[in-house]
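Novice: There's a structure below that I have some questions on.
Every number in this text was worked out from the coordinates using simple rules, so none of it is lab data. Note that this is a predicted model, so its numbers are computed, not measured. Every residue, glycine among them, receives a Cβ derived from its backbone with ideal geometry; neighbour counts consider all protein chains shown.
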Amino acid sequence: MHRCIMNRYLNELSGLSRCDAVYLHKVEETLPILADLWHSDLLLYAPGTQPNTAIVIAQASPHTTPPVFSSPLVGKQVGKKNEPLVFQTFRRGRATRGSRCSPTAARTAHEVHPLRAQDGKVMAVLAIEADLAEHERLKRKSHVLREALAVILQMAIAGQIDGAGALTAVREHDGLIVVDGAGQIQYASRMAEALFRRIGYSGSLLGVPLPGTDREEGTFFEALESGNCSERENAMNNLILVTKAIPLVADEETSWLSLRFKANPRYGGAFIVIDDVTEERQQEQALKIKSAMIQEIHHRVKNNLQTIAALLRLQARRASIPEVEVMLDSSINRILSIAVVHEFLSHDQESVINITEVCQRILNEVTHGIIDPSKNICLKLEGANLYLPAQQATSCALIVNELLQNAVKHGYAERSAGTVVVRLLEHGDQLCIEIADDGTGFPGPFDRGDSSHLGLQIINTLVKEDLKGRFEFANGQGVTARVTFPKVVAPPRRSQA
């Protein structure tokens, strides 16, 4: 979404070349990793649509510390009074620094860097804002760490970091390591040393080769050889570690960055982030096992329900009383409607059901099992995909089944053709299931609470008790039954890899 907003504002910037737009997108791609490493909020400003204004076209908040800004700011326009350093940087064309009170009343360190177009003009600025205590804490860190972070910032501003968008977030307790061009560790955080002790490395890591630098499949080697950020997950002893590597451009003025990497002399080292994901992967594996078990249970329930339906179907064929056969057929269809939901749950790891697909299956069952083949009655389904929690989906499946059977049996008892339409509608926080037929309609006043109608009793109970909704009929050119109920927010569906 932010990419779409950024594209829109870039299109409004006059004189911006395609290369300039690509450059700004590359800077935008680096913002999340910069925010994590600098423990800061980052805002990318472009000239606003009104004179003496600037607009936020990209934003990133850190995962390593509480953010300065608690709400999204992309699309917000500011003036000189609100952001004086931003406008100073636009006007002067050089970095500006200062401090101020944040929206949370905490004191923050604020610095702004210019981003130049191909013609040398400042086309955007990058603002870095950090809690002042966090900023002072960073100043007390090792000079190697601070130099490496400064190099990463300058590379980002110059558009020299490739592949940053593929990196996962850096977290508060990740280990940080700075390595020179020969693979020698120049800095290791306490968390990094603790992680390496857990995998069998004792003593200080300073001045020793980073494990894996002599292997071409290592993250360090891959990043420096390709010039792209690299991320890999590896099992080491009993731990599962995710290692990220950002190549650092060689710098003759920085001693430890002056030793160039042999396979790609442009780079003089790498910034390494190590994350212990052992517990998370174990939890994911446990969830996969649990999910597989639940799916197997749904599969068995579906099979059992179909077996019960088959037994009732045999009993219905042997019934000598027509009323008994009708009752058994109705029960069979109710059981099969529930079985459809369990079948969907047995194939999908999610706990939400696409009720549109369930309704289509029910329409198919009614078409082949209820409708007289000699009659030309068409069943249609309208509406977009709607996802419901399993409990709501089961209730809706039973309701659709009952209303469809009522429409087919009673609306076309004396007719040989017609159309029944099932509509699935969404209105804000309300969902609606509508079954409309063009049959004969009710012959007179109709009491939907009549206790002699078992199907309507089932519908009333499901609507009132399970869905917490309302159920109504409209009688005219056929009958329209409408069930309206509040939407229950289902868990978000995971994307399929």
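Novice: Among the aspartates and glutamates, select those whose C-alpha is under 16 Å from the C-alpha of K80, and discard any that sit fewer than 8 residues away in the same chain.
Specialist: Here the aspartates and glutamates satisfying the reach criterion relative to K80 are E111.
Novice: Taking a cut-off of 24 Å, what percent of all Cα-Cα pairs in the stretch 164-276 are separated by more than that?
Specialist: The answer is 18 percent, as a whole percent.
Novice: Mind listing the phi-derived Karplus ³J(HN,Hα) values for the stretch 402-416, rounded to whole Hz, using 6.51, -1.76 and 1.60 with θ = phi - 60°, and x for any glycine or proline?
Specialist: With coefficients 6.51, -1.76 and 1.60, one gets 5, 5, 5, 4, 4, 4, 5, 6, 9, x, 10, 4, 10, 10, 9 Hz.
Novice: Give the lysines whose C-alpha is closer than 28 Å to that of K141, dropping any in the same chain fewer than 8 places away, or say none.
Specialist: Answer for K141, where 28 Å is the Cα cut-off: K244, listed by chain and number.
Novice: Another question, then. Calculate for the chain the 222 nm mean residue ellipticity that helices alone would give, adding -39,500 (n - 2.57) per DSSP H run of length 4 or more and normalising by residue count, nearest 500 deg cm²/dmol.
Specialist: Taken over the chain, the calculation gives -13000 deg cm²/dmol.
Novice: Using alpha carbon centroids, what distance separates the stretch 8-82 and the stretch 114-175, in Å?
Specialist: 14
Novice: For the stretch 2-140, go through all pairs of different Cα atoms, get the mean of 1/r, take its inverse, and jot down that Kirkwood value in Å.
Specialist: Answer for the stretch 2-140: a Kirkwood hydrodynamic radius of 15.1 Å.
Novice: Moving on to the next point. If packing is taken as the average number of other Cβ atoms within 10 Å across a peptide's residues, how do 406-415, 263-272 rank, most packed first?
Specialist: Per-residue Cβ counts within 10 Å, averaged per peptide and sorted highest first, yield 263-272, 406-415.
Novice: Compute and list, largest first, the equivalent-ellipsoid semi-axes of the chain from the alpha carbon gyration tensor, each √(5λ) rounded to a whole angstrom.
Specialist: Ellipsoid half-lengths, sorted descending, are 64, 30, 18 Å.
Novice: Please list the equivalent ellipsoid semi-axes of the stretch 221-376, computed as the square roots of five times the alpha-carbon gyration tensor eigenvalues, in descending order and whole angstrom.
Specialist: After scaling each eigenvalue by five and taking roots: 65, 18, 9 Å.
Novice: Assuming R0 = 25 Å, what is the FRET efficiency of C19 and N52, from their Cβ-Cβ distance, to the nearest 0.05?
Specialist: 0.35
Novice: Assuming a viscosity of 0.692 mPa s and a temperature of 37 °C, what translational diffusion coefficient in µm² per second does Stokes-Einstein assign to the stretch 347-401, Rh being the Kirkwood radius over Cα pairs?
Specialist: D, rounded to a whole number, is 267 µm²/s.
Novice: Under a 5 Å amide H to amide H cut-off, with H placed in plane at 1.01 Å, what residues pair with R107 once short-range neighbours are removed?
Specialist: S102, L132
Novice: Give the share of C-alpha pairs in each 5 angstrom bin for the stretch 278-349, from 0 to the last occupied bin, in whole percents, shortest bins first.
Specialist: 3, 17, 19, 14, 12, 9, 8, 6, 5, 3, 2, 1, 1, 0
Novice: Which pairs in the list K380/K409; K26/K81; K375/K409 are over 19 Å apart, alpha-carbon to alpha-carbon?
Specialist: Distance filter (> 19 Å) returns K26/K81.
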